[in-house]
1. Can you order the peptides 198-205, 181-188 by their average number of other Cβ atoms within 10 Å per residue, highest first?
2. Gain in length, residue 227 to residue 118, computed as 0.36 nm per residue apart minus the alpha-carbon separation, to one decimal in nm?
3. Would you mind getting me the FRET efficiency between residue 186 and residue 329? Use the beta-carbon distance for r and R0 = 35 Å, nearest 0.05.
4. Expressed as a fraction of 2.2 N^0.38 Å, the rule-of-thumb size for a compact globular protein of N residues, what is the C-alpha radius of gyration of segment 182-245?
5. With a 10 Å radius around each residue's Cβ, average the other Cβ atoms per peptide and rank 49-58, 285-294, highest first.
6. I'd like to compare 60-73, 133-146: which one has the highest average count of other Cβ atoms within 10 Å, and what's the full order after that?
Amino acid sequence: MLTRLVLLLLLAGSLTARAQSADGVTLTPVSPALSPLSVPFSLLAPGSGQFLRGESRAGGTMLAWSSVLLGAAFGGAFFMAGTGASDVSTAVGPPLGIIGLGGFLSLGIADAVGTFSDGQLAVPAETAWDAWNATWRGGVSTLVAPRAGQPGSVGVTAFGAWRNERFLVAAELTNIASTLDGWGQAGGGVKLVGYSSQVPRAGLWLESSLRHELASRVGFDGTRWRTQLVSVLPMGVFAPRFGRVTSILRLGLDPTWVRYRERGVTGFELPLSGGFEVRTGLTDWLRGHVGYEHARDGLVGGSSIGFLGSFHAGMEVALPGDLVWDVRVVTGTPVAFFTSLEWRAR
């Protein structure tokens, strides 16, 4: 029941979109010359682009649901502020914010893309090399997080993953070069609900991973068991003109055990983790992505994620030989720069 509710909240606007007008005549996309005017309005008021192209029914539905989603996000924030960030409010506010902002941004980008699309292809060819849709992935990534007046953090990660239409297996090994500490992580997942036979890997996944981290510089090590529900929604499943947009939503818990070696004491925490990401193909070889992560990427706060989480944005470029180059900027505490080169294959 919860799965269906989240799905409807995220894409209810797209479910009622139509590629044709009421009299059965296919509506033509808006000229790209109007993009400087229409795109900002689509992001601020999802559905305005559909009104512009004559899709009043889809535009009205998207506008209504985006208002509900934005209201949920602000409602969660006000609830936390009004209760002084109590235990109850922190358990309610962040999930509402993740779902609300994730859904609102997804509808806004889908509206902007659909305004200029002819809607001939629900699942574009460039989706084949997207990270969530690849059978095999493997590569190396680097994160640089400079700190004012300090050496900063440089992390190098080697990772690999295999995914079919039902199961996922993944592993990674990270080293923080400035301290020689790091972590190893392994896990997997299973698809609980499929959204479309056209895109078998799209759906609601249950993913879990176990990570052990060594932090010798401060005298402790720890183990984290992350378990999340992950929803992967290619919006072209619901309306062909939104085909280049994919919405990814994550929500779960991170049970964490920390061992302070010098004192022989073990501590336990149960933080919430989650976030959202919207990915859209710009061309057959270029993809943009933007998102938010509410989690820790380290036992002492990590190299880029602060108390309120972090936002990220970047580009992926498809290279010859099934290689993909990803570059992104992470705005957290502090600002970090991330790049990776990986191999993805179907």
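No value in this document is a laboratory result; all are computed from the given coordinates. Not measured: the values here are computed from a predicted model. Neighbour counts run over all protein chains shown; Cβ positions are idealised from the backbone, glycine included.
1. Result, highest mean first: 198-205, 181-188.
2. Contour length minus Cα-Cα distance gives 35.3 nm.
3. 0.80
4. Cα-based Rg divided by the globular estimate yields 1.64.
5. Top of the packing list down: 49-58, 285-294.
6. The most tightly packed comes first, giving 60-73, 133-146.
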